[in-house]
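Worksheet: one structure, shown below.
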Amino acid sequence: MVGALAEALKGRGPGRLVLCHIGGGTTPAPFRSEPEIEIVDLSSATGLSFEATVERVVLLAATTADLRAAIPLSGGLPSATEVRIVVMTSAPHFGPPFPVVPGSGRWEGLLDFHVGRLSDRGWSCALAFTDPVEVQVVFRAVAQGMVGGRQGREVPVPESSDGAVGAGPTWEELGRTGGLVGRAVGSGVSVGGVPAVDERVVNPMGFTRSSSAKVGRLVSRGGRWVLVVGGGVRWRVPDDGAVSDVVVAGLRDLRAVRVEWGRHSGPVSAMRAVAGLAAAGIPLLSGPVPVWARCLGGELSYSVTSVDESWMADAQLREEHSVRLRRVALRLFGRQARWYRSGCGGSVGPSVSVVLCTRRPEMVGFALRQVGRQRGVDVEVVLALHGFGVGAPGVSEAVDAYRASGRELVVWESDSKMVFGSVLNGAIARAGGALVAKMDDDDWYGPDHLSDLVLARRYSGADLVGSATEYYHLEQLSLTVRCLVPSERFARHVTGAAMLTDRTVMEEVGGFRPWGGDKVDAGLLDDVRDAGGSIYRTHGLGCVIRRRRTGHTWREASGYFLRGPQRQWLGWRPSALLESDSDPQDVPAAESGTTVRGSDR
């Protein structure tokens, strides 16, 4: 703390200084007596009132999450010609605080900027201007530089959507109303009463398949929760239950965390901690969820109680459990998801147009069934029939069957002489959704495939998101292969069978290149990067690539998919998240599931 405070006051000149702080361990008590320094605790300040300008504003934030939390709270701060931001600790996957400069010439008076590295993965940055600037704009620009994302990408989230920790019932009130032991939760606690999770900083980024054998325990000691690992305390849960990016990074090595449901500072704070850990994909385990915590929702309560600790020794079962937890927690408690549910942005979020381009009439029914499985998103399909029409055998029947489900379907018969990239662009031009996803006509997709991509787009802020290319079914060998590709990170490559972006990005890069074959996917990824965009790779558990002897734009022999770190099984063995048993007509003939060769890392 001493070093961070010294950094915050570094280069201090004459004039009035407003020293703001937020997060645990940031209170600068020694300076309360200095008349030229006014100290503001942003986490508790209300009705801020200052002169129009001051010489300098300094923000001391404990973590990147606290920097993000300071933005909506800083609107009442004065403008200043010098702004310094110190983040004491940051998760490893976040970059340095290079600000995303606002447009329209608003920072044409920038005189100087420098950034420095602190101990314990902290950062500092200082900006000097010719004229006073709005410090809230500076805080937002620096935070966006650290967590990434295109300018203007995030939806506005009103402060009230985060909820108030102090607004929930106390333990005593729950006891009087039967909320501790009775059937009702009591005192009006609901999912919406638990403060929202800021998914831009508390999310699955940095999840690792490998783990130690250590299992943490979230237990109550002296009326406060602590996370115990072995004989030591790894994390002391703050009174408000907030989970930060730094906390999540410090728990990634654990095999799992067992929640023991003791009392914390308050029931809402306790539920906030559980929701935050689940949203980050920390594998949580639990015995029966007490009545007072059931406003976490039935699905999340079931998820934390449905697995045994011994299962977590299997890296794949552990990862599948993590994905299930993060899905439900982000959908229930994520800030943007809550904003959509509030009626400001619709019920489930932006609509997704799936672009399906096929040369094979016999695959139309299969492909439409894969899209028809999708849940949790508002889906439209643009079906591009490349070189044949609806009158081809089986096509009209498949189209009618899909339309009978009530979902939107646009059919476009494209000329056989058009190259693949041009057909994709033509399909996108006919799409009506805010987001555009590409799916292939012969691959398998789990029912949460699209909603997982939408979630990844929200928490990563990336311009294009896609799945890791992990699962292949080699029909010629009757073999299922999982290539152990690193996921939940920014990357140069995602599978062309599972991409999602928005229409603005497609317009900015000019769409797909007018090429044929598999190069169109790589061309789009190159163009997004060349335009300064980012690509995020989420997990690949919900997609299986089909490999036949012939008929692929990507022409590689089966041996190509048997190289490198992998697991392989005889027959059909996708991840459980594919839920392939729900559609037996589209599943290859079942064979032995014995592992032939396997390793996890």
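Among the chymotrypsin sites (Phe, Trp or Tyr not before Pro) in the stretch 487-516, which ones are in a DSSP loop with at most 13 other Cβ atoms within 10 Å of the Cβ? Mind listing them? Numbers along the way, then the final one.
Values: sites: PHE490, PHE512, TRP515; in loops: PHE512, TRP515.
Filter output for the stretch 487-516: empty list.
Could you work out what % of the accessible surface of the chain is carbon and sulfur, using a 1.4 angstrom probe and leaving DNA, RNA and ligands out of the count?
Numbers: 12090 of 23960 Å².
In the chain, the share of accessible area belonging to carbon and sulfur is 50 percent.
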For the chain, the longest principal axis of the Cα atoms and the Cα long axis of helix 267-279 enclose an angle in degrees, to the nearest 10, of 40 degrees
With Cα coordinates, the longest principal axis of the chain makes an angle with the long axis of helix 315-333, in degrees rounded to 10, of 60 degrees
The stretch 302-324 scanned against label point 7 Å out from VAL219 along Cα→C-beta; backbone N under 12 Å for none
With Cα coordinates, the longest principal axis of the chain makes an angle with the long axis of helix 519-530, in degrees rounded to 10, of 20 degrees
Heads up, the stretch 310-410 by the C-alpha gyration tensor (a ≥ b ≥ c square roots of eigenvalues; a/c under 1.5 rounded, else a/b over b/c prolate, else oblate) looks oblate
Summed over the other residues with a beta carbon less than 12 angstrom from that of ALA278, with K and R at +1 and D and E at -1, the charge totals +3
Computed about the Cα centre, the charge dipole of the chain from +1 Lys/Arg and -1 Asp/Glu charges at the Cβ has a magnitude in debye, to the nearest 20, of 1260 debye
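With the other protein chains left in place, how much accessible area per residue, in square angstrom, belongs to the stretch 250-323 at a 1.4 angstrom probe? Numbers along the way, then the final one.
Numbers: 2140 Å² over 74 residues.
Heavy-atom SASA per residue in the stretch 250-323 reads 29 Å².
So how many Å³ per residue does the convex hull of the Cα atoms of the chain work out to? Don't skip to the end; give the middle numbers.
Numbers: hull volume 100.5 nm³, N = 601.
Roughly 167 Å³ of hull volume per residue.
Taking loop as defined by DSSP and a crowding limit of 15 other beta carbons within 10 Å, which GluC sites (Glu not before Pro) in the stretch 17-97 fit? Before the final figure, lay out the partial values.
Values: sites: GLU36, GLU38, GLU51, GLU55, GLU82; in loops: GLU36, GLU51.
Those that pass, being in a loop and sparsely packed, are GLU36, GLU51.
The values are calculated or read from the model by the stated rules, or taken from the named source; none is laboratory data. Computed from a prediction, not measured in an experiment: that's the story for all the values here. Please note: Cβ atoms are built from the backbone with ideal geometry, for glycine as well, and neighbour counts cover all protein chains shown. Accessible surface is based on the protein model in full, side chains and every heavy atom, while ligands, DNA and RNA are left aside. Shrake-Rupley method; radii C 1.70, N 1.55, O 1.52, S 1.80 Å.
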